[in-house]
1. Give the distance, in whole Å, between the Cα centre of the stretch 260-288 and the Cα centre of the stretch 178-196.
2. Kindly write out, for the stretch 51-65 in residue order, the coupling ³J(HN,Hα) from the Karplus curve 6.51 cos²θ - 1.76 cosθ + 1.60 (θ = phi - 60°), rounded to whole Hz, with x marking Gly and Pro.
3. So what's the chain giving for Rg/Rh, alpha carbon basis, Kirkwood Rh from the mean inverse pair distance?
4. Grab the DSSP H runs of the chain that are 4 residues or longer, score each as -39,500 (n - 2.57), total them, divide by all residues and round the 222 nm result to the nearest 500 deg cm²/dmol.
5. Suppose the chain between A281 and V30 were pulled fully straight at 0.36 nm per residue; how much longer would it get relative to their current alpha carbon spacing?
6. Apply the Karplus parameterisation 6.51 cos²θ - 1.76 cosθ + 1.60, with θ equal to phi minus 60°, to every residue of the stretch 245-256 and state each ³J(HN,Hα) to the nearest whole Hz, in sequence, with x for glycine and proline.
7. By what distance, in whole Å, do the Cα atoms of the stretch 59-108 stretch along each of the three principal axes, largest value first?
8. Please give the contour-minus-distance gain from I179 to A53: 0.36 nm per residue of separation, less the Cα-Cα distance, rounded to one decimal in nm.
Amino acid sequence: MNSRARAWPYLTPLLVLLALWVYGPAGVSVILSFLDWNLTTPPSGFVGVENYATLRRHPEFIRSVGQTLLYALALLPFSTLVPLVLAVMLWLRPGRASDIYRALLFLPVVLAPVAVAVAWRFLLNPLQGLVNEALQAIGLPAVNWLGDPATALLVIVVITAAKVVAFNLLLYGATLSAIGHRIVEAARLEGATGIDIARSIVLPQVRRPTIVLALLSIVLAGQWTFANISVLTQGGPDGVTDNVYYRIYTLGFTFFDIGEASAAAVLLLAGFAVVAGAWSAVRRFVRAS
């Protein structure tokens, strides 16, 4: 028995779980996207691509796709640059204080997203929220943070960014821990500046993790913001905080149009496939060159 044949018994449990929890539901979504079903009665029949055609006529869905891309771009610095800078600062100053700071920065990851969103809802209350009371205490006017289109999107991004920074900080910290501090000290003795150390020692180690985290930010930005949108704004005001995940949820569990919701989910899956294909093509091109 060759090595590949011996590997199959170990891979089988994982493949079964993938079939049950990932590819199975994806296949069911594809089937439901061609049916007319309101969730309360049995599916009424095959409608072909009508659900997809209806989505094209919905400006809310088209706008939600654009908003999802906007979230991805807005969260990109918080998933790469900000946690990298914080991780390097903590790595350059090892000790008990650094461990305390790292634990405090990691705190948003262990908190339930819905609980955090509810807390922010009270803090940002336009009438009695602590944030507005603090602004008024220093002579500034109160702001309707969640009801004003000019600030609502920013609020969702900032609240989501706290958790993204905290989690990616841990990943960067694990990467930097593989670099011995003796290497840095030796570089300094040789006359290397902080910029030289960052360019020649730190950046080569974090280049690949940064690319992966940037790709994950593009793919998962809509999922990261879903809980905050659901609790704080419900896609408003005027749809400025909507994204494609919340739009799918609204279609399926507010309007009970499972066919259209499944069609939207299939289109989202197709978009992810395009991103993955483009990423693979770029990697092959870079390796070939």
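Rule-based calculations on the coordinates, nothing more; no lab input. These numbers were taken from a predicted model, which means no experiment stands behind them. Heads up, the Cβs are rebuilt from the backbone with ideal geometry, glycines too, and the neighbour counts pull from every protein chain shown.
1. The stretch 260-288 and the stretch 178-196 have Cα centres spaced 40 Å from each other.
2. 5, 5, 5, 5, 4, 5, 8, 8, x, 5, 5, 4, 5, 5, 5
3. We get a ratio of 1.05 for the chain.
4. Here the helix-only value at 222 nm equals -23500 deg cm²/dmol.
5. Roughly 87.8 nm would be gained on extension.
6. Result, rounded to whole Hz: 5, 5, 5, 4, 4, 5, 4, x, 10, 10, 9, 6.
7. Principal-axis extents of the Cα atoms in the stretch 59-108, largest first: 54, 18, 6 Å.
8. Roughly 40.0 nm would be gained on extension.
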